[in-house]
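One structure is given here, and the rest of the page talks about it.
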Amino acid sequence: MPAVVRAGDSASGHTDIQGNPVAGTVTSATCAQSVLNGGTKIAIASTIVNFPSHPHAMDGGTPIDYQSHDVAINATGKNKATGAFIAVDGDVVPVADVAGPNATLSATTANLNCKQ
């Protein structure tokens, strides 16, 4: 079983228009509120990953059109929590746009080990 994604874990792979990495963070408020892993809320299919403001266009060499993104995880875990699939290490956050590709989640826990 892949590692479970939890509140505060990150997503990488998305970039700004210049190719600089823009890391996303799994938001605690949208995680499963009653299911914990190591005392931390776990991420599920409806959990949002926040990507901070980053440029999406260039104007004469100057980055412009700064945008942030709040994107739900494509959770692929075989187990469910509160009726939604659990997010696991390597799941995709579909944030691809003109600035950069989709991101993938990196879990900081080693196992499922959840409790309600």
query: Out of the residues in the stretch 15-39 that are within 17 Å of VAL88 (Cβ to Cβ) and in contact (Cβ under 8 Å) with a residue 60 or more places away in the chain, which is surrounded by the fewest Cβ atoms within 10 Å (Cβ to Cβ)?
result: GLY38
message: Can you tell me how many residues within the stretch 44-70 are touching an Asp or Glu at 6+ places or on another chain (Cβ under 7 Å) and under 22 Å from THR104 (Cα atoms)?
response: 5
- request: Filter the stretch 1-59 for residues that are more than 21 Å from LYS78 (Cβ to Cβ) and at pLDDT below 95 and give the result.
  value: GLN33, GLY39
task: Please verify whether the stretch 73-89 includes one or more residues that are closer than 18 Å to THR15 by Cα, within 12 Å of the chain's Cα centre (by Cα), not in a loop (DSSP other than H, G, I, E, B) and not polar (S, T, N, Q).
output: no
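Conditions tested, residue by residue: (1) of a type in the set (S, T, N, Q); (2) within 20 Å of PRO2 (Cβ to Cβ).
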{"residue": "ASN20", "(1), (2)": "yes, no"}
{"residue": "THR47", "(1), (2)": "yes, yes"}
{"residue": "PRO55", "(1), (2)": "no, no"}
{"residue": "ILE86", "(1), (2)": "no, yes"}
- line: Reported set for the stretch 82-102 where residues are over 15 Å from ALA45 (Cα atoms) and aliphatic (A, V, I, L, M) is ALA96, VAL98, ALA99
- prompt: Would the stretch 55-68 turn up any residue that is part of a loop (DSSP other than H, G, I, E, B) and surrounded by 15 or more Cβ atoms within 10 Å (Cβ to Cβ)?
  reply: no
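The values are calculated or read from the model by the stated rules, or taken from the named source; none is laboratory data. The structure presented is a predicted model; accordingly, all values stated were derived computationally and were not measured. Note that each Cβ is placed from the backbone with ideal geometry, even for glycine, and that neighbours are counted across all protein chains shown.
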